[in-house]
Amino acid sequence: MRVIRAEFMGLCFGVRDALAIARETKDPSAVTIYGELVHNPTIQEELSSRGFRVVGEMDRETVELTDRVMVTAHGISQRRMDLLKAQSTEIIDTTCPLVRRVHEATQTLQSENRLVILIGRRKHVEVQGIVEDLRQCIVVEDLDQIIDWKAPLLGVVSQSTTTPELAQRCLSRILELNTHADVRYVDTICRPTRQRQQALEALCQSVSLVIVVGGKHSNNTRQLAQRCLELGCKAIQVESAYELQAEWFADVSVVGLTAGTSTPDGTIEEVAKKLARISPTQRRRHNLETGYETYKNS
């Protein structure tokens, strides 16, 4: 089976930098990683095996910290950073600079007395970190949540991994329903997200099925899979080559491949190799054995 790769996919520079810092950190057993360094199980396993104390994002409030704490690539609020500094002797900060840019943009909009509207996923750790530093912030996940907020000044930003298409649709809806307001939009979608989305759009013109590789908790990976469906292309999201099933490709001779910005190069290569090894005979045999006639979207 032929595999066509997206021009841009996989690790972004922010994740690579965070991983480099973690891999160069001495005495990892004395370091608490404050949440998931990046949303990828392979990387999480690597860090745990090296001895890092990994704290789940839902457990950060209650766990006792070590003297050294590593802030993840998703960033945290300044309020939370101050609390960590009061508890720990050393902060190792791997926050992506493009996430910092979102924090700075929201602070600027707040200083202008604007009601801040953040387009993103409410429960995502990046969004939580941004919101915690604001007096008031409304998080919008889809068009149905947009209303007339009766505010004279609005400031609109996006989570760094929001799709450009979703951000534009939300912004148009905000302008439509808040005609009386002065609306200032700051484009905070990161360049790697834009590149991967654009590469995916080109890929979907050549294939009918795309394998999207990345962690189940990765927002940008989920966005890639969702965008495939919006473009009329079937998508299956996997975390590793182990999850691939031959019956998915019963009638497929060419498959697309992309990956989220937290997906390691090695994982992508393993998936690509396994896809290339799936033969027409395997696909037909598996299809007959399982009775599958179509593959499922993820």
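If the requirement is being touching a Ser or Thr at 6+ places or on another chain (Cβ under 8 Å) and not assigned by TED's automatic domain parsing to the domain that holds Q145, which of these qualifies: A22, A105, A86? Let's see the steps before the verdict.
On the way: A105 fails: not assigned by TED's automatic domain parsing to the domain that holds Q145; A86 fails: touching a Ser or Thr at 6+ places or on another chain (Cβ under 8 Å).
From the options A22, A105, A86, the qualifying one is A22.
Determine whether segment 267-289 contains at least one residue that is assigned to a loop (DSSP other than H, G, I, E, B), among the polar types (S, T, N, Q), modelled with pLDDT under 95 and in contact with a helix residue (DSSP H, G or I) (Cβ under 8 Å, 6 or more places away or on another chain). The answer is no, given that none of the residues of segment 267-289 is assigned to a loop (DSSP other than H, G, I, E, B), among the polar types (S, T, N, Q), modelled with pLDDT under 95 and in contact with a helix residue (DSSP H, G or I) (Cβ under 8 Å, 6 or more places away or on another chain). Within segment 181-210, the set of residues being assigned by TED's automatic domain parsing to the domain that holds N220, hydrophobic (A, V, I, L, M, F, W, C) and outside any loop (DSSP other than H, G, I, E, B) comprises A199, L200, A202, L203, L209, V210.
Within segment 15-38, can one find any residue that is touching a helix residue (DSSP H, G or I) at 6+ places or on another chain (Cβ under 8 Å), within 22 Å of I211 (Cβ to Cβ) and assigned to a loop (DSSP other than H, G, I, E, B)? So far as segment 15-38 goes, yes, one or more of its residues are touching a helix residue (DSSP H, G or I) at 6+ places or on another chain (Cβ under 8 Å), within 22 Å of I211 (Cβ to Cβ) and assigned to a loop (DSSP other than H, G, I, E, B).
Residues that are over 18 Å from C190 (Cα atoms) and without any contact (Cβ under 8 Å) to a residue 60 or more places away in the chain within segment 108-117 comprise Q110, S111, N113, L115, V116, listed in sequence order.
Could you look through segment 40-68, keep only residues that are over 23 Å from the mean Cα position of the chain (by Cα) and part of a helix (DSSP H, G or I), and pick out the one that is nearest to K216 (Cα to Cα)? The qualifying residue nearest to K216 (Cα to Cα) is S49.
Taking segment 72-91 as the range and being surrounded by fewer than 17 Cβ atoms within 10 Å (Cβ to Cβ) and outside any loop (DSSP other than H, G, I, E, B) as the test, the residues that pass are Q78, R79, D82, L83, K85, A86, Q87, E90, I91.
Looking at R60, R135, R121, can you tell me which residue is within 30 Å of E24 (Cα to Cα) and among the basic types (K, R)?
On the way: R135 fails: within 30 Å of E24 (Cα to Cα); R121 fails: within 30 Å of E24 (Cα to Cα).
After ruling out the rest, the residue left standing is R60.
For segment 161-180, a residue qualifies if it is within 15 Å of V127 (Cβ to Cβ) and not in a loop (DSSP other than H, G, I, E, B), and the qualifying residues are L166, A167, C170. Being over 21 Å from G260 (Cβ atoms), charged (D, E, K, R) and in contact with a helix residue (DSSP H, G or I) (Cβ under 6 Å, 6 or more places away or on another chain) is a property that R50 has.
Once segment 92-127 is narrowed to residues that are surrounded by 14 or more Cβ atoms within 10 Å (Cβ to Cβ) and among the small types (G, A, S), the residue that is farthest from I146 (Cα to Cα) is A105. For segment 138-160, filtered to residues that are within 21 Å of the chain's Cα centre (by Cα), touching a residue at least 24 places away in the same chain (Cβ under 8 Å) and not in a loop (DSSP other than H, G, I, E, B), the residue that is farthest from R101 (Cα to Cα) is L143. In the condition set (1) surrounded by fewer than 21 Cβ atoms within 10 Å (Cβ to Cβ); (2) touching a Cys at 6+ places or on another chain (Cβ under 6 Å), A202 is compliant with all but (2). Of all residues in segment 227-265, those satisfying the criterion of being free of Cβ contacts under 8 Å to residues at least 60 places away in the same chain and surrounded by fewer than 17 Cβ atoms within 10 Å (Cβ to Cβ) are L231, G232, Y242, E243, Q245, D251. If only residues of segment 216-249 that are modelled with pLDDT of 90 or more and part of a loop (DSSP other than H, G, I, E, B) are counted, the one that is nearest to H124 (Cα to Cα) is E239.
The values are calculated or read from the model by the stated rules, or taken from the named source; none is laboratory data. It should be emphasised that the depicted structure is a prediction, and the values quoted were computed from it without experimental measurement. Glycine gets a Cβ as well: all are built from the backbone with ideal geometry, and neighbour counts include every protein chain shown.
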